[in-house]
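Trainee: Just dropping this structure here.
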Amino acid sequence: MPGTTPRELGLLADCESCFGLCCVALPFSASADFAVDKAAGQPCHNLRDDFRCGIHAQLRQRGFPGCTVFDCFGAGQKVSRVTFGGTSWRQAPATARQMYAVFPVMRQLHELLWYVAEALTLEATRPIHDELRRLLDETGRLTEESADVLATLDVGAHRDTVNTLLLRTSELVRAAHKGREHRGADLIGAKLKGADLRAANLRGAYLIGADLRGADLRLADLIGADLRGADLSGADLTGAIFLTQAQLNAAAGDAATRLPASLTRPAHWAQARSASGGPRTPAGSGRPRTPGAPGRRPRRR
């Protein structure tokens, strides 16, 4: 039986094994997140010949904080080393367009694997473990398909199927508490300092620049929530479900922020607060645009 941890499932990004796909395949717009415009399929001018970033250690200082937030969930190395067998778009230019098309599809599948794998670790989901395991295996099989199959895959339909169980997971986890209903809510810049958001439904909520200092977010469902520039200083996210490292990386916080054990406190939190005396300015809308990714279609949540 296949493992269910992110490492066992290959969901941790390994840039050393990737052909710099996020730096080529995805478009981004000049904004607080990116210093320049870049079209899809156009290599970033910072991408070196060895597929490494030439300014990796200074991305934030050079105007590319969006690059430090993006997470491919291991899709980059999967497409590079498995789907295309280790042959890069530079070695075989004829494959480039298809490789770029497959990458966002693979990223969506890997993100779904991340959520389903997390659901399987939760005690409350035991009644649906068999269904979750079936979907984990089915999604895993899809990631092994050929480039031709992946390029034409109706990933939206599969995402909707998975989302049915993710919704059920959320209901089971939050069943013992009457959390607030904020699904898809516009909470941009909201003053929620010290708010009781325990077991709240924040699926797809817009929390850009929200003041969540000291808020109780235990057991909250945060799938697809936009936390760019949100201040999580002192907030309690213990047991929050479907929260990703990318969401944390896009937010601000401090040493008092309590996180789920599976996630890491971003190093730039302390650096940003030390430099500015407060949370960073909410980022703009120029993050890499990954069509159809769960976190990019919040209104469907």
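The values are calculated or read from the model by the stated rules, or taken from the named source; none is laboratory data. Computed from a predicted model, the values in this text were never measured in an experiment. Glycine gets a Cβ as well: all are built from the backbone with ideal geometry, and neighbour counts include every protein chain shown.
Trainee: Answer with yes or no whether residue 178 is at pLDDT below 95 and either out of contact with any Cys (no Cβ under 8 Å at 6 or more places or on another chain) or hydroxyl-bearing (Ser, Thr, Tyr) (or both). It would help to see each step written out before you state the result.
Mentor: Details: at pLDDT below 95: yes; either out of contact with any Cys (no Cβ under 8 Å at 6 or more places or on another chain) or hydroxyl-bearing (Ser, Thr, Tyr) (or both): yes.
Yes; evaluated as a whole, the condition is true for this residue.
Trainee: To continue, here is another question. What is the one condition in (1) closer than 27 Å to residue 146 by Cβ; (2) touching a residue at least 24 places away in the same chain (Cβ under 8 Å); (3) among the basic types (Lys, Arg) that residue 52 does not satisfy?
Mentor: (1)
Trainee: Consider residue 258 carefully, then state whether it is at pLDDT 95 or above, among the basic types (Lys, Arg) and under 24 Å from residue 123 (Cβ atoms).
Mentor: So residue 258 passes the test.
Trainee: Here's something else I'd like to know. Taking the condition of a type outside the set (Asp, Glu) and under 14 Å from residue 18 (Cβ atoms), does residue 97 pass?
Mentor: Here the answer is no, as residue 97 does not meet what is asked.
Trainee: Then there is this: Quickly run through region 247-259 and pick out the residues that are under 15 Å from the mean Cα position of the chain (by Cα) and either surrounded by fewer than 19 Cβ atoms within 10 Å (Cβ to Cβ) or not aliphatic (A, V, I, L, M) (or both). So that I can check it myself, show each step before the final result.
Mentor: We begin by selecting, within region 247-259, every residue under 15 Å from the mean Cα position of the chain (by Cα); these are 247-251.
Within region 247-259, 247, 249 qualify.
Trainee: Of everything in region 1-28, what is surrounded by 15 or more Cβ atoms within 10 Å (Cβ to Cβ) and without any contact (Cβ under 8 Å) to a residue 60 or more places away in the chain? Give them in sequence order.
Mentor: Correct list: 20, 23.
Trainee: Checking the conditions here, which among 111, 123, 138, 131 is charged (D, E, K, R) and in contact (Cβ under 8 Å) with a residue 40 or more places away in the chain?
Mentor: Working: 123 fails: in contact (Cβ under 8 Å) with a residue 40 or more places away in the chain; 138 fails: in contact (Cβ under 8 Å) with a residue 40 or more places away in the chain; 131 fails: in contact (Cβ under 8 Å) with a residue 40 or more places away in the chain.
Step by step, each of 111, 123, 138, 131 is checked, and only 111 is charged (D, E, K, R) and in contact (Cβ under 8 Å) with a residue 40 or more places away in the chain.
Trainee: Further question on the same structure: Out of all the residues in region 150-178, which are in contact with an Asp or Glu (Cβ under 8 Å, 6 or more places away or on another chain), over 30 Å from residue 84 (Cβ atoms) and either not in a helix (DSSP H, G or I) or not basic (Lys, Arg) (or both)?
Mentor: Within region 150-178, 165, 170, 173 meet the criteria.
Trainee: For region 108-149, how many residues are under 23 Å from the mean Cα position of the chain (by Cα), of a type in the set (Asp, Glu), more than 14 Å from residue 10 (Cβ to Cβ) and part of a helix (DSSP H, G or I)?
Mentor: Qualifying residue count, region 108-149: 3.
Trainee: Which count do you get for residues in region 29-41 that are in a loop (DSSP other than H, G, I, E, B) and surrounded by 15 or more Cβ atoms within 10 Å (Cβ to Cβ)?
Mentor: Here the count works out to 8.
Trainee: Please verify whether region 184-192 includes one or more residues that are touching a residue at least 24 places away in the same chain (Cβ under 8 Å) and of a type in the set (A, V, I, L, M).
Mentor: Within region 184-192 (the criterion being touching a residue at least 24 places away in the same chain (Cβ under 8 Å) and of a type in the set (A, V, I, L, M)), the answer is no, since none of the residues qualifies.
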